[in-house]
1. Need the failing condition index for Ala335 against (1) surrounded by 21 or more Cβ atoms within 10 Å (Cβ to Cβ); (2) small (Gly, Ala, Ser); (3) within 20 Å of Gly21 (Cβ to Cβ), just the number.
2. Can you find a residue that is over 28 Å from Ala376 (Cβ atoms), at pLDDT below 95 and of a type in the set (Asp, Glu) anywhere in the range 510-522?
3. Thr237 is checked against (1) surrounded by fewer than 18 Cβ atoms within 10 Å (Cβ to Cβ); (2) touching a residue at least 60 places away in the same chain (Cβ under 8 Å) and fails just one. What number does that condition carry?
4. Does Leu529 qualify as being under 23 Å from Ser425 (Cα atoms), in contact (Cβ under 8 Å) with a residue 12 or more places away in the chain and of a type in the set (A, V, I, L, M)?
5. Answer yes or no as to whether Glu142 is closer than 26 Å to Thr237 by Cβ, exposed (fewer than 14 other Cβ atoms within 10 Å of the Cβ) and of a type in the set (Asp, Glu).
6. Going by the conditions given, is Leu255 in contact with a helix residue (DSSP H, G or I) (Cβ under 8 Å, 6 or more places away or on another chain), assigned by TED's automatic domain parsing to the domain that holds Glu116, assigned to a strand (DSSP E or B) and over 20 Å from Pro271 (Cβ atoms)?
7. Inspect the range 75-95 for any residue being under 29 Å from Arg149 (Cβ atoms) and of a type in the set (Asp, Glu) and give the result as yes or no.
8. Taking strands (runs of 3 or more DSSP E) that fall entirely within the range 277-392, which contain at least 1 residues that are assigned by TED's automatic domain parsing to the domain that holds Val236, within 20 Å of the chain's Cα centre (by Cα) and within 20 Å of Pro47 (Cβ to Cβ)?
Amino acid sequence: MKRALVALVAIGVCLPVAHAGKLIETGWDHVNPERLRQNLDICEQAPFQGLVIQFSGPGGQPQYRYAHSPEVWDESAIPGIIADLQAVQPERLKDRFLQVNANPGDVDWFDDAGWEQVVHHWRLAARVAKQGGLTGILFDPEPYREPWRQFSYAAQPQVAEHSFADYYARARQRGREVMTAITEEFPDLTLFCYFMLSVTGTAADLDNPIDGLVGHSYGLYPPFIDGWLDVAPETVTFVDGCERAYLFSSQLEYLGAANRIRNTCQRLVSPENRRKYRAQTQVSFGVYLDAYANPPDSRYYIDPGDLTATQKLQANVAIALEVADEYVWVYGEQASWWPTPHTRAAAASWEERLPGIDAALRAAADPTGYVESLMAQRGDALENLFVDADFSGETVPPAEGTATAPDWEQGDAPPGWSFWQASISEGRPGWDREVGHDAPGSGTLTAVGEGCLIQSIEVRPGEAYGVSAWRRIQGEGSATIRVRWQTPEGKWHAEQLDRMLGTSAPAGEWGQMAGLVTVPDGAGKLIVLLQASGQRSDEDVIWWDDVVVFRVE
């Protein structure tokens, strides 16, 4: 826990706040349905919200994932695979994907009999994913068996007989056939790809993008995707996993790739499919764990600078989650998260290879859950830096008073707290000595159109803090926490880095809001605003209680 954040605190790195993104595990330690069922408890302990499942039978055989083959599959293991998947009821790993590979890739696009089998393989994968209760399919387009390259025009057996335009049209046809089969079995699946048009994105810069596809090793992939779009219903979600993000190490790189995927790359599909592409394609990013564990002379290496490798990983994952639409996938080869028959992956755990990685990924992907877990771990030993945070009245404000800005007023606010409301608001703060979350005592805001209870502490750049509070609502209005920053002199600072916290708990029940914040450069004060908005009468009341602000080290 401490190792995950200490250097970020020391040098003042300000991490972006992840939205409701999800980390998906994939790599050499893939589980298949049998191993997932056997090791679910272990898998659930890892810091992920989902994972990729190898499409194979008991003991890893047969390997159904190699879909782009003219081979007629022995489907005798399929009922057992579905039964294993149906038996798994995870609490955390909700987003699960069945792996399909474009391998061996030895089917010519003009081979009707061969493509009849390829389409059937995709259909079978969709059927298993649907009946097994999965989110969808994970597609790996990369060739692993030379000389076969499914999407390279130059590698096709009949390249001398057919032009690129001929192959382009046939690839689009095969895409339609595949998607038709998929959606007949699983009409609302998510088709998660390690990469989609991001792999050929530079071709979209040309006046005629096809000129950039003829010699590209994935030149026939865009028309295959175009065929998907021709027939895919609006219930299908596509995910471009942008595998090229393996070496990204800045927010600018992630933002640039996201813009290319969302905007520029649409020029690689037909005009009639561009609206569907924009509406149904999500941006994702791949994070290659080995790049943080490899030696500096490796082809895949990310320089951590003044951070440790684990801390650099946390920073990059946080950025990726902030920019991505929903998913970020974490790929690893030289270590494992759970038992695996892959001997090289099984040689070490990822916690051994990158100490602190578990806490780092949890903090990046689920800052709310991370803060809640820290509070539970520390229990009574947790040092709350706010005064009268439980509104019991047993603590007193600092000697210099609580009004830290001219427009804040003590008024009838609870001890230790200040109050502010907009000029158009005519509400009031209060101190309820009877109602509370765990014990009597809470702060209240009544008939406040826009206002808040306020308290602040002095901080230093780079420090990380957990923030938590509980609220209950009566009548109209909404409640949120806003964390803001001031300079040491009391001037508002870095407003673009304000953090909002909320809860989905019903209004009439106590709901917890929690999150992790990092003090930005130039800040000297952390300001917590317990906000109310939209209240209109004395019947509208928000109770606040058990506010906690603590240092994360």
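The values are calculated or read from the model by the stated rules, or taken from the named source; none is laboratory data. Note that the structure is a prediction, hence the values are computed from the model and not measured. Cβ atoms come from the backbone with ideal geometry, glycine included; neighbour counts cover every protein chain shown.
1. Ala335 satisfies all of (1) surrounded by 21 or more Cβ atoms within 10 Å (Cβ to Cβ); (2) small (Gly, Ala, Ser); (3) within 20 Å of Gly21 (Cβ to Cβ) except (3).
2. The answer is yes; a qualifying residue exists.
3. Here Thr237 meets the rest and fails (1).
4. On the way: under 23 Å from Ser425 (Cα atoms): yes; in contact (Cβ under 8 Å) with a residue 12 or more places away in the chain: yes; of a type in the set (A, V, I, L, M): yes.
Criteria met by Leu529.
5. So Glu142 fails the test.
6. No; evaluated as a whole, the condition is false for this residue.
7. Yes, the range 75-95 contains a residue that is under 29 Å from Arg149 (Cβ atoms) and of a type in the set (Asp, Glu).
8. The qualifying strands (runs of 3 or more DSSP E) are 285-288, 327-332.
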